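Contents: one structure, followed by commentary.
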Amino acid sequence: MGKINDILSPFTAWKHLVNEPLTVKKPLEREGADRYRGFHKNEIDKCIGCGTCEDICQNAAIDLVPVEGIETKDGDSGLRPKIDYGRCCWCALCVDICTTNSLSMSNEFKWIDEDADNFLFIPGADDKPWNNSEKGWKKPDYNLYDPNRVDMQELHPEDRDKSFIEIVQGYSKEQALKEADRCVECGICTATCPAHMGIPEYIRAIRNDDLEEGLRILYDTNPLPEICGRICTHKCETVCSVGHTGDPLSIRWLKRYIADQNPSERFKEILGTDTIEQNGKKIAIIGSGPSGLSAAHYLALMGYSCTIFEKLPLAGGMMRYGIPEYRLPYDQIDKDINYILSLGVEIKYNVTIGKDNTLDQLHKDFDAVFTGTGLHLGRSTRIPGTEHKDVHFATDLLREISLGNEIPVAEKVVVIGGGNVAMDITRSMARLQNQKFGKVNVIATSLESEDIMPADREEIVEAREENAQIIPGWGPQSIEIKNDKITGLHVIKCLSVFDEEGRFNPKFDENIKDFFEAEMVIESIGQGMDLSYLTDEIKENLKMDNRGRIIVDNNFQSSLEWLFVGGDIIQGPDVIHGIANGHKAAIGIDNYINSKK
Amino acid sequence: MKEIIDRLQELYPIGDFKQQNKSLALITVDKDKAVDFITRLKNEEGFLHLSIITAVDWLEKNKFQLSYLINNPTTKNSFVVRVMIDRENAEMFSIHHLWEQAATYQRELKEMFGIDFPGSPGVDKPFILEGWHEIPPYRRDFDTKNYSEETYFPREGRTKNVPAEYMKQKLYPDE
Amino acid sequence: MSKLFNIKEDRSLFPEKNEQGKIDIDLSSHKYLKLWHGPQHPGITGNMSLEITLLGDEVMDCETHVGYLHRGFEKLMERRKYIQCFPIVCRVAVPEPDFNEYCFASAMEELAGIEIPESAKWLRTLVLEMARLASYLMWIGGQAGAFGQGIIGQWTNYLRDSMLDRFEELTGGRVYHMYIIPGGVRGLLPSGFKQRMEENLKFIEQMMKDVERVMFNNAVFKKRSVDMGIIEKDWIYKFGITGPNARAAGVPLDVRKDNPYLVYPQLDFEAVTATHSDIYNRADVRRRDLLMSVDLIRQIMAKMPQKGEIRAETPNVLHWKVPAGETYSKAECTRGEYGYYMVSDGSEYPRRINVRGPSYTHAVSLLEKMIINCNLADIAGLMVSLHTYPPEIER
Ligand code: SF4
Ligand code: SF4
Ligand code: SF4
């Protein structure tokens, strides 16, 4: 029976004879699925050319190439991925990891060409029929690296607003490793760092838990890591690729982690600076701020004997006398400076050039002179009432605090300015008010609206946490004085600060007014330089621009070839530019001295 | 699985016991005792199934690690029996008499790692490669990238740019 | 020998065996013919070749040659970061890449101590069963085709294609899915997926009835497959035979049951077995296994969570250092025990990855033994009945 069945049963296949065929008639007209991994697309303006897609591609199918019309600028390499479809395996890992989320894939899968070399193209830049296709692979709902920053431990606002103890606690090892892990090693940040620090390299050193290597990388470009690790303006973080779809890397805190973890006693051993061959040349440096220290450091490494002349009783310049201790503790400044001193750099304190010694004398006694005297003079808004004795400059007050002198504190204070110095004095005032009156009443007001306030975001947030009021977007009009006492500040609404060309040209609406009560007004709208140490003869030969700034070349050499100038008086103002200037000037000085021989 | 090892510990020098997961344990045995030990596990302890034989090249220690993965189909447990042998004139005793497919594994190991298994059928015959003149390719010191660069040619029309270097070139070439 | 194949009893023409039990083949006697079967032979699964020596129509000796597909994956992986191995592994077995993806990912997760989210487990199980189904569907066509029944291949390849459509919408790829990423999976079910899948499954079941009628209840097929190419029960462990080849002989080896992984413990199934591992039996075991996959897919779709995380948090994949250690992760693929032996030295690159594909034993030592005395016309059918994929032999 079974046998018969086995012969007849196969004939049932014939029943399909009358069925419609199931095959797809024109398979080429079939659309790929919604998630199909087809040809690449790239939103070319969103892409920043970070090359992370290239890094992950195991087929080496991606090259980063320049694209016409796309400029290299801060935060954008100007390169764009070009894909070789002779190699691509359509894994879409490049899409999944793209830091800006600009890269995706269409669901198109047909591209017919006789020439194999045509299958190389730049998604987004080359005109392709699938550029506008909506469907296709997009980054799924997961992350191949952590987009969220490891939170930094900070003192609670209540614990910190009475004292000047350092607020930020620093990363633990575990936290630092976790944060360092987020870096995609693209190196986009390096260009933006004024000192062009090897950021991805030292972050890698953290990941490898090789902090000595990390320290060496730091000192390659920055001899003040403890300081920068705390108060650097971290411009690098504003361009960090990871920041495009998440939080940028905490580059500054990671730098601090390296500096903190290496004991200062071992610095010379780690950095290999136990013995430095001296070349017998002498360099004078005016000012022990960041640029002066940086120049001294790199010159000392080259074998120069450096002498720094400092006007104040301690070294550090604005880092010590401009930045409050809760942000930058003095012992950390000392740690960095002591290391530089240990290289044989000498500092003469309480020496004011132009008074105790002259520039001409330095020119005679030394082979070259570097000056980085900084911006220490407060600038005034010059509105009516600023000549009153209870109107102060922020820089003066901050310096007095650091010198340990008592400063006047009123119950109600208004600070004019929206930069970091304004925040520093606001928060210092808040602390002093707290100590003195047990409550805080300080207002900081700036021309700029909150989104364009020059102060670091966290400074503003923390100031508010400490009960200071930050009221941006107002232009100061006059200080009201009654019975010889300040009663407050009149302001009008500021509509915009810059004109279309980006020039400083504030526009106000005079009809919207406000009045901030105050007994004391602090101006913090910028600082000026004091170049009184330049003698008339020197001034005559020194090229300056129409705003009275000394003109220097790329090596920070002035038109007097023995005189090099750097720091805030040239660029900035901030610490990291000073460091970069000092470093370049050191190289410039070395070239200059070698060329003299 | 620990229990088996505890029991056999006296007879065989077994080291580095590690219970990797519920049903897999790692152990290391001396080269001279290894075949004996594996035979014992197969014949007396029910480890009837050989999953793989493979090698790991510990170039920096100048050793090859041979890994025998054997499984007990009744208890569903497996051992990775690891044997460290010298990298120079690497040689190991064959187990083709225990499992037929062992000969194939050994033949492959000879070809890919240069580990000899004297007496293993066909061990000297090429398995995957034909006309191979370099060092055995799965050794760590064989550089595949280098080999392919020397043997093949790159595609025309490709240029490489490293973002950070390119930015330096464009934005601050002199620093 | 006659137990293996139905061959004529008159063995007078046969050469004498030598002491090793092998025959002395003297090609100059003109009695023998050397023939290369493959690597481009339609009856060979994949690119491998058999160097056979024939006496008349009967195979006297055979040597397997592989290497036509050798891309050195294991070595390539040592030079790539872990995440970069992920797009490579699927290429080790083309018709069912997912087992590679799963074994690779799970070995890595075990070493790194990562627990994947619940929905990812279900989704992984789902694609593994889909892969099994698709792969069997292709295999059935091959088995029927090897015995001259072209129509079955036409049907089942269409069915497989419908499964690839589901793969395409779930994973974004038809053949290489690259879906089981270390840490989880790459997407949830698209909307309407279950319904479309159910339609496919219904059609598959319906067509499988036809396949049964036309292929299995077929005098010709039976004539050529029953009692042909028997795998003796005592060979199972001797040759490292696993999967349907072993189960057809009554040894219920099935990793899904033996060392349950993913969500298999929550699914209701039994290892499919038979008693007598001849070509017919093995085909039947695979057919029933295929239908079981249909059932498992239904179970999974009914029980799986609707939403949820798809991937666990992992270190940045660009510099993921997997802690030093070694492990072996295995799964039941259509051909048996599929496994990845992974050794990490704690760096960003795997120290060694060794892939165990069942074909390694099935297509080399086992085939070389079984093919002796086989009729030339039956070689293809015998080989397909062992269900071998050459790429997993040479990797
Ligand atoms: S990862 Fe994204 S942003 Fe970066 S280069 Fe590639 S496409 Fe552009
Ligand atoms: S899809 Fe994969 S292979 Fe293709 S370019 Fe992207 S990362 Fe490379
Ligand atoms: S810190 Fe950010 S920008 Fe810099 S290398 Fe890392 S990921 Fe790139």
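Step by step: first the residues of region A:62-84, then only those that are open to solvent by 30 Å² or more (accessible area, probe 1.4 Å) and of a type outside the set (Gly, Ala, Ser), then the one that is nearest to ligand 2 (Cβ to nearest atom). Which residue is that?
Quick first cut of region A:62-84, residues open to solvent by 30 Å² or more (accessible area, probe 1.4 Å) only: A:66, A:68-71, A:73-74, A:82.
Narrowing further to those that are of a type outside the set (Gly, Ala, Ser): A:66, A:68, A:70-71, A:73-74, A:82.
Working: A:Pro66: 19, A:Glu68: 22, A:Ile70: 20, A:Glu71: 25, A:Lys73: 26, A:Asp74: 27, A:Lys82: 10 Å.
Across region A:62-84, the extreme among qualifying residues is A:Lys82.
With the structure loaded, tell me whether A:Ile227 is out of contact with any Leu (no Cβ under 9 Å at 6 or more places or on another chain), open to solvent by less than 10 Å² (accessible area, probe 1.4 Å), among the hydrophobic types (A, V, I, L, M, F, W, C) and not assigned by TED's automatic domain parsing to the domain that holds A:Ile587 or whether it fails that test. Steps first, answer last, please.
Working: out of contact with any Leu (no Cβ under 9 Å at 6 or more places or on another chain): no; open to solvent by less than 10 Å² (accessible area, probe 1.4 Å): yes; among the hydrophobic types (A, V, I, L, M, F, W, C): yes; not assigned by TED's automatic domain parsing to the domain that holds A:Ile587: yes.
For A:Ile227, the condition - out of contact with any Leu (no Cβ under 9 Å at 6 or more places or on another chain), open to solvent by less than 10 Å² (accessible area, probe 1.4 Å), among the hydrophobic types (A, V, I, L, M, F, W, C) and not assigned by TED's automatic domain parsing to the domain that holds A:Ile587 - is not met.
Let me confirm something: among A:Arg204, A:Arg182, which residue is open to solvent by 30 Å² or more (accessible area, probe 1.4 Å) and away from ligand 2 (no atom under 16 Å from the Cβ)? I'd like the intermediate steps shown before the answer.
Working: A:Arg182 fails: open to solvent by 30 Å² or more (accessible area, probe 1.4 Å).
Every option except A:Arg204 fails the conditions.
Any residue in region A:259-283 that is within 29 Å of A:Asn594 (Cα to Cα) sitting within a Cβ distance under 7 Å of a residue that is open to solvent by less than 60 Å² (accessible area, probe 1.4 Å) and of a type in the set (Asp, Glu)? List the pairs, counting only those 6 or more apart or interchain.
A:Lys281/A:Asp367; A:Lys282/A:Asp367; A:Ile283/A:Asp367
Of all the residues that make up region C:138-187, how many are more than 9 Å from chain A (Cβ to nearest Cβ), of a type in the set (Ser, Thr, Tyr) and not in a helix (DSSP H, G or I)?
The qualifying residues number 1.
Answer with yes or no whether B:Lys76 is touching a helix residue (DSSP H, G or I) at 6+ places or on another chain (Cβ under 9 Å) and touching a residue at least 12 places away in the same chain (Cβ under 8 Å).
Working: touching a helix residue (DSSP H, G or I) at 6+ places or on another chain (Cβ under 9 Å): yes; touching a residue at least 12 places away in the same chain (Cβ under 8 Å): yes.
Spelling it out, B:Lys76 is indeed touching a helix residue (DSSP H, G or I) at 6+ places or on another chain (Cβ under 9 Å) and touching a residue at least 12 places away in the same chain (Cβ under 8 Å).
Name the residues in region C:234-254 that are open to solvent by 10 Å² or more (accessible area, probe 1.4 Å) and touching a residue at least 12 places away in the same chain (Cβ under 8 Å), would you? Talk me through it step by step, then tell me what you get.
Initial filter on region C:234-254 (open to solvent by 10 Å² or more (accessible area, probe 1.4 Å)): C:234-235, C:237-238, C:250-253.
Within region C:234-254, C:Trp235, C:Gly250, C:Val251, C:Pro252, C:Leu253 meet the criteria.
So which of A:Ile203, A:Ile199, A:Ile227 is at pLDDT below 90 and among the aliphatic types (A, V, I, L, M)? Before you say what the answer is, go through the steps one by one.
Values: A:Ile203 fails: at pLDDT below 90; A:Ile199 fails: at pLDDT below 90.
None of the other options fit; the residue is A:Ile227.
If we keep just the residues of region A:20-47 that are within 12 Å of chain C (Cβ to nearest Cβ) and open to solvent by 80 Å² or more (accessible area, probe 1.4 Å), which is farthest from ligand 3 (Cβ to nearest atom)? Even if it seems obvious, please write down each step before you answer.
First, pick out the residues of region A:20-47 that are within 12 Å of chain C (Cβ to nearest Cβ): A:21-24, A:27, A:30-38.
Among the residues that remain, those that are also open to solvent by 80 Å² or more (accessible area, probe 1.4 Å) are: A:21-24, A:31, A:34.
Details: A:Pro21: 55, A:Leu22: 51, A:Thr23: 50, A:Val24: 45, A:Glu31: 37, A:Asp34: 31 Å.
Residue satisfying both the conditions and the ranking: A:Pro21.
Of B:Lys168, B:Lys110, which residue is in a helix (DSSP H, G or I) and either closer than 30 Å to B:Lys2 by Cβ or out of contact with any Pro (no Cβ under 9 Å at 6 or more places or on another chain) (or both)?
Values: B:Lys110 fails: either closer than 30 Å to B:Lys2 by Cβ or out of contact with any Pro (no Cβ under 9 Å at 6 or more places or on another chain) (or both).
On inspection, the qualifying residue turns out to be B:Lys168.
Quick grid of which residues meet (1) open to solvent by 20 Å² or more (accessible area, probe 1.4 Å); (2) modelled with pLDDT under 90; (3) farther than 30 Å from A:Glu510 by Cβ; (4) part of a helix (DSSP H, G or I):
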position	(1), (2), (3), (4)
A:Asp360	yes, yes, yes, yes
A:Thr386	yes, yes, no, no
A:Pro408	yes, yes, yes, no
A:Val415	no, no, no, no
A:Lys436	yes, yes, yes, yes
A:Pro454	yes, yes, no, no
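Tally time: how many residues in region A:49-61 are near ligand 1 (Cβ under 10 Å from one of its atoms) and either free of Cβ contacts under 8 Å to residues at least 12 places away in the same chain or open to solvent by 10 Å² or more (accessible area, probe 1.4 Å) (or both)? So that I can check it myself, show each step before the final result.
Looking only at region A:49-61, we keep the residues that are near ligand 1 (Cβ under 10 Å from one of its atoms), and these are A:49-57.
With either free of Cβ contacts under 8 Å to residues at least 12 places away in the same chain or open to solvent by 10 Å² or more (accessible area, probe 1.4 Å) (or both) added as a condition, the list becomes A:50, A:53-55, A:57.
Summing the residues that are near ligand 1 (Cβ under 10 Å from one of its atoms) and either free of Cβ contacts under 8 Å to residues at least 12 places away in the same chain or open to solvent by 10 Å² or more (accessible area, probe 1.4 Å) (or both) in region A:49-61 gives 5.
For (1) open to solvent by 10 Å² or more (accessible area, probe 1.4 Å); (2) assigned to a strand (DSSP E or B); (3) at pLDDT 90 or above; (4) facing chain C (nearest Cβ under 10 Å), each residue gets a yes or a no:
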site	(1), (2), (3), (4)
B:Glu60	yes, no, yes, yes
B:Gln65	no, yes, yes, yes
B:Val81	no, yes, yes, no
B:Ile85	no, yes, yes, no
B:Glu100	yes, no, no, yes
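Across region B:1-32, which residue is nearest to B:Lys76 (Cα to Cα) among those that are part of a helix (DSSP H, G or I), free of Cβ contacts under 8 Å to residues at least 60 places away in the same chain and open to solvent by less than 80 Å² (accessible area, probe 1.4 Å)? Give the derivation first.
Step one: list which residues in region B:1-32 are part of a helix (DSSP H, G or I), which gives B:2-8, B:31-32.
With the extra rule that they be free of Cβ contacts under 8 Å to residues at least 60 places away in the same chain, the set shrinks to B:2-8, B:32.
Still in the list and also open to solvent by less than 80 Å² (accessible area, probe 1.4 Å): B:4-5, B:8.
Working: B:Ile4: 14, B:Ile5: 16, B:Leu8: 19 Å.
The residue in question is B:Ile4.
Under 7 Å between Cβ atoms, at least 6 apart or on separate chains: pull out the pairs that start in region A:167-195 with a residue that is under 30 Å from B:Pro173 (Cβ atoms) and end on any residue that is more than 15 Å from ligand 1 (Cβ to nearest atom) and basic (Lys, Arg).
A:Ala180/A:Arg207; A:Glu185/A:Arg204; A:Ala191/B:Lys168; A:Thr192/A:Lys235; A:Cys193/A:Lys235
Quickly run through region A:85-97 and pick out the residues that are open to solvent by less than 20 Å² (accessible area, probe 1.4 Å) and either more than 8 Å from ligand 2 (Cβ to nearest atom) or in contact (Cβ under 8 Å) with a residue 40 or more places away in the chain (or both). Give the derivation first.
Here is the first cut: in region A:85-97, the ones open to solvent by less than 20 Å² (accessible area, probe 1.4 Å) are A:89, A:91-97.
Of everything in region A:85-97, those that are open to solvent by less than 20 Å² (accessible area, probe 1.4 Å) and either more than 8 Å from ligand 2 (Cβ to nearest atom) or in contact (Cβ under 8 Å) with a residue 40 or more places away in the chain (or both) turn out to be A:Cys91, A:Ala92, A:Leu93, A:Cys94, A:Val95, A:Asp96, A:Ile97.
I need the full set of residues from region B:123-167 which are at pLDDT 90 or above and among the basic types (Lys, Arg), in order please.
B:Arg139, B:Arg140
Could you check region C:45-71 and list, in sequence order, the residues that are open to solvent by 10 Å² or more (accessible area, probe 1.4 Å), among the small types (Gly, Ala, Ser) and closer than 19 Å to B:Glu130 by Cβ?
Across region C:45-71, the qualifying residues are C:Gly46, C:Gly67.
Pick from region A:68-82 the residues that are within 11 Å of chain B (Cβ to nearest Cβ) and assigned to a loop (DSSP other than H, G, I, E, B): which of them is farthest from ligand 3 (Cβ to nearest atom)? Don't jump to the end; show me each part of the working.
Of the residues in region A:68-82, the ones within 11 Å of chain B (Cβ to nearest Cβ) are A:71-82.
Remaining after also requiring assigned to a loop (DSSP other than H, G, I, E, B): A:71-72, A:74-75, A:77-78.
Details: A:Glu71: 18, A:Thr72: 15, A:Asp74: 11, A:Gly75: 8, A:Ser77: 11, A:Gly78: 15 Å.
Once the filter is applied, the top-ranked residue is A:Glu71.
Checking A:Asn101 against (1) open to solvent by 50 Å² or more (accessible area, probe 1.4 Å); (2) more than 10 Å from ligand 1 (Cβ to nearest atom); (3) more than 14 Å from chain C (Cβ to nearest Cβ), only one condition comes out false. Which one?
Against the list (1) open to solvent by 50 Å² or more (accessible area, probe 1.4 Å); (2) more than 10 Å from ligand 1 (Cβ to nearest atom); (3) more than 14 Å from chain C (Cβ to nearest Cβ), A:Asn101 comes up short only on (2).
Would a scan of region A:131-154 turn up a residue that is in contact with a strand residue (DSSP E or B) (Cβ under 9 Å, 6 or more places away or on another chain), open to solvent by 60 Å² or more (accessible area, probe 1.4 Å) and within 16 Å of ligand 3 (Cβ to nearest atom)?
yes
So, in region A:491-535, how many residues would count as being assigned to a strand (DSSP E or B), among the aromatic types (Phe, Trp, Tyr) and in contact (Cβ under 8 Å) with a residue 24 or more places away in the chain?
Filtering region A:491-535 for residues assigned to a strand (DSSP E or B) gives A:491-498, A:504-517, A:520-523, A:527-529.
Filter once more, keeping what is among the aromatic types (Phe, Trp, Tyr): A:498, A:504, A:508, A:515-516.
Applying the additional criterion that residues be in contact (Cβ under 8 Å) with a residue 24 or more places away in the chain yields A:508, A:515-516.
Selection size over region A:491-535: 3.
Taking the stated definitions as given, is A:Asp6 under 32 Å from the mean Cα position of the chain (by Cα), part of a helix (DSSP H, G or I) and facing chain C (nearest Cβ under 10 Å)? Walk me through how you get there before you give the answer.
Numbers: under 32 Å from the mean Cα position of the chain (by Cα): no; part of a helix (DSSP H, G or I): yes; facing chain C (nearest Cβ under 10 Å): yes.
In short, no.
With within 16 Å of ligand 1 (Cβ to nearest atom), closer than 27 Å to B:Pro137 by Cβ and open to solvent by less than 20 Å² (accessible area, probe 1.4 Å) as the only criterion, which of C:Ile83, C:Ile88 stands out? Break it down stepwise before answering.
Details: C:Ile88 fails: within 16 Å of ligand 1 (Cβ to nearest atom).
After applying the criteria, what remains is C:Ile83.
Can you name every residue in region B:124-175 that is in contact (Cβ under 8 Å) with a residue 12 or more places away in the chain and open to solvent by 50 Å² or more (accessible area, probe 1.4 Å)? Walk me through how you get there before you give the answer.
Here is the first cut: in region B:124-175, the residues in contact (Cβ under 8 Å) with a residue 12 or more places away in the chain are B:124-129, B:132, B:134-141, B:147.
Hits for region B:124-175 are B:Asp124, B:Lys125, B:Pro126, B:Trp132, B:Glu134, B:Ile135, B:Arg140, B:Asp141, B:Tyr147.
The values are calculated or read from the model by the stated rules, or taken from the named source; none is laboratory data. Just so it is clear, the model here is predicted, and its values are computed rather than measured. Positions of Cβ are generated from backbone atoms using ideal geometry, with glycine treated the same way; all protein chains shown enter the neighbour counts. Each accessible area value is taken on the protein alone, full model and side chains, heavy atoms only, with ligands, DNA and RNA left out. Shrake-Rupley method; radii C 1.70, N 1.55, O 1.52, S 1.80 Å.
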